[in-house]
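Inspection log for the structure reproduced underneath, given as structure tokens.
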Amino acid sequence: MKKSLLRQTFLLMCASLVARFLGMIYQTVLSRTIGPQGLGLYQMTFTVYLVGLTLATIGMNQSLSKTTSEFIARGDYKNTHKNFRLTMLIVTITSFSISLFVLIFAPKIALLLYDDPRLTLPLRFISISIFFVALSQVFQGYFQGQKNMVPSSVSQITEQIFRLISIPLIIIPLLKRGTVAAASGTVLGMGIAEIFGFLVLAIFYFFASKKPKKVSYHEEKAAQQLLKNLFVLAIPIGLGSLVATTNHSLGNLIIPRALRVAGYSQELAVEALGYFSGMALPLIFFPTVFSFPIAVSLIPGISEAIAQKQEKIAQFRIQIACKFTILLGFSVALILSLYNEQIPYIIFGYKQVGSYLSILAISCIFLYPHHIFTSVLHGLGRPSLALRNLVIFTTLNLTLLSILVSKLGIIGAVWTFTLVNTFAFFLDYLTIKKIFYFKFDILNWFIKPSICALFSYKASQVFLQTHTFELKCLIFNLIITSVLFGISLLFTGTITIKEIKPLFQILNFKK
């Protein structure tokens, strides 16, 4: 990959890390402020937000990113700007319509989906976020198509800052009126933060549009042709996003209902959902700040290598990406297994999440590389196979949730997440293997890392105070355990200096 692309990937990773760190601080303070009951209500509202946003954007942001990249590669700046304006017009109409629908029918949505009228006000507030996030994604797609990650990065960080500000200014004052009011304030604060994130992107676009326009010698295309090109790409992308959103949304619908079948009261079911979706899963997904930028940059990296008939380079890129994310999964699994009570207690103030994390830790080994496999299928020009696998994954997930949660309670959701992501990893690998060969290095991907993780686990238990809940001691333990794991990986030859060296090229900003 070109150094410019690597640097943009590194920039996106750094910005995502800062945004995730701020987001974790927000999640920590929020959980301690509104508790698992409030988090549960927020997660239930968030389900409607995801569905609304998916329908509002219908894959247009990613379609715009790809078409913008193609136009700029040809020096066709006139159609680049026209393409952006058409996309913004379409998404403005769709997002406004869906936001208005949610605003008007919030009481019916609350009763129909959750049989909980308390969600009416939070649902009305969520309509603000749907509208502004949809528009923000158009700007992001436009800038990403230009390989300019700065606006998106600044916007992400701005949103998180204003979310943090909303806690003392909005959420805490509303807490006096009860948990529902505080949850409503959380959603309102999110909407206000999204408005500021949108304004940041709009300002970047305003100044970019004021720069002297480059001369374009290409004929301006008709709006109908541009729209056709956009929708040809947007429809399959939108379908994939819709399936993924359906999986998440129906999961959050099924869990509370299945918990009621298992004997939970409505309040206890919402609280359990808060522990699982609002505390445990954010800890599992936090490390994707490292894997997601790799997955994003891998698509053009593979496409470029295949187009140039350099299959060995494509194989190398896939193997390095898989190896890195699998080792990332092992390191996270090690940390969460060893400190499954201390980490959630320090962050959220609740030890109960620890029993979930001890099981969910296993899923990290398969979850992070699964994202890489999905990108590989897109890079190989087979998004239909990725969509097919996603449908299978979703069907299995929803089926297991219905069965296991109703029988085992919330721990059934924990086992479902672990089993389904493990299945998805092997399903995607076998799919790729049929169309493109790359070595499945079981020794360096699984056997050696397992030995290294076991050694680090036992050594930490012997030499460290792994049961302490003191913050300074926990931070020290996390560092020592991570260093032990890293050294053991180098000592066993699981990773080599030769493999690590290219990663540091992204820090070389010389032309």
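No other residue among Ser153, Ser136, Ser99 is within 21 Å of Leu41 (Cα to Cα) and of a type outside the set (A, V, I, L, M, F, W, C) apart from Ser99. Given the criteria of a type in the set (Val, Ile, Thr) and modelled with pLDDT of 90 or more, does Val200 qualify? Spelling it out, Val200 is indeed of a type in the set (Val, Ile, Thr) and modelled with pLDDT of 90 or more. Selection over region 426-464 of residues that are assigned to a helix (DSSP H, G or I) and either among the basic types (Lys, Arg) or in contact with a Pro (Cβ under 6 Å, 6 or more places away or on another chain) (or both) gives a count of 4. Among the residues of region 83-105, those that are surrounded by 15 or more Cβ atoms within 10 Å (Cβ to Cβ) and of a type in the set (Phe, Trp, Tyr) comprise Phe84, Phe96, Phe101. Pairs linking a residue in region 305-327 that is touching a residue at least 24 places away in the same chain (Cβ under 8 Å) to a residue that is of a type in the set (A, V, I, L, M) and surrounded by fewer than 17 Cβ atoms within 10 Å (Cβ to Cβ), with Cβ atoms under 7 Å and 6 or more positions apart or on different chains, are Ala314/Ile306. Once region 175-197 is narrowed to residues that are part of a loop (DSSP other than H, G, I, E, B) and among the charged types (D, E, K, R), the residue that is nearest to Val48 (Cα to Cα) is Arg177. Among residues of region 300-335 being under 20 Å from the mean Cα position of the chain (by Cα) and aliphatic (A, V, I, L, M), the one that is modelled with the lowest pLDDT is Ala321. Residues that are among the polar types (S, T, N, Q) and modelled with pLDDT of 80 or more were ranked within region 267-299; the one that is surrounded by the fewest Cβ atoms within 10 Å (Cβ to Cβ) is Thr288. One residue stands out in region 144-178 among those that are among the aliphatic types (A, V, I, L, M), surrounded by 16 or more Cβ atoms within 10 Å (Cβ to Cβ) and free of Cβ contacts under 8 Å to residues at least 40 places away in the same chain: the one that is farthest from Val133 (Cα to Cα), namely Leu174. When you check Gly354 against the structure, is it on the phi > 0 side of the Ramachandran plot and modelled with pLDDT of 80 or more, yes or no? In short, no. Against the definition (out of contact with any strand residue (DSSP E or B) (no Cβ under 8 Å at 6 or more places or on another chain) and buried (at least 23 other Cβ atoms within 10 Å of the Cβ)), how does Ala321 come out, yes or no? So Ala321 passes the test. Given the structure, is Leu111 touching a helix residue (DSSP H, G or I) at 6+ places or on another chain (Cβ under 8 Å) and modelled with pLDDT under 95? Spelling it out, Leu111 is indeed touching a helix residue (DSSP H, G or I) at 6+ places or on another chain (Cβ under 8 Å) and modelled with pLDDT under 95.
Matching residues to (1) among the hydrophobic types (A, V, I, L, M, F, W, C); (2) surrounded by fewer than 17 Cβ atoms within 10 Å (Cβ to Cβ); (3) closer than 26 Å to Gly274 by Cα:
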residue: Asn389; (1), (2), (3): no, no, no
residue: Thr395; (1), (2), (3): no, yes, yes
residue: Leu398; (1), (2), (3): yes, no, yes
residue: Leu404; (1), (2), (3): yes, no, yes
residue: Leu408; (1), (2), (3): yes, yes, yes
residue: Thr422; (1), (2), (3): no, yes, yes
residue: Phe438; (1), (2), (3): yes, no, no
residue: Leu454; (1), (2), (3): yes, yes, no
residue: Gln461; (1), (2), (3): no, yes, no
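The set of residues in region 465-496 that are in a helix (DSSP H, G or I), within 30 Å of Ile447 (Cβ to Cβ) and among the β-branched types (Val, Ile, Thr) comprises Ile479, Ile480, Thr481, Val483, Ile487. In region 346-357, the residues that are under 18 Å from Cys473 (Cα atoms) and touching a residue at least 40 places away in the same chain (Cβ under 8 Å) reach residues that are crowded, with 23+ Cβ neighbours inside 10 Å and among the aliphatic types (A, V, I, L, M) with C-beta atoms within less than 6 angstrom, at least six apart or across chains, in these pairs: Phe348/Met279. Residues in region 331-354 that are assigned to a helix (DSSP H, G or I) and farther than 29 Å from Leu489 by Cα: Tyr345, Phe348.
The values are calculated or read from the model by the stated rules, or taken from the named source; none is laboratory data. Computed from a predicted model, the values in this text were never measured in an experiment. Every residue, glycine as well, gets a Cβ built from its backbone with ideal geometry; the counts of neighbours run over all protein chains shown.
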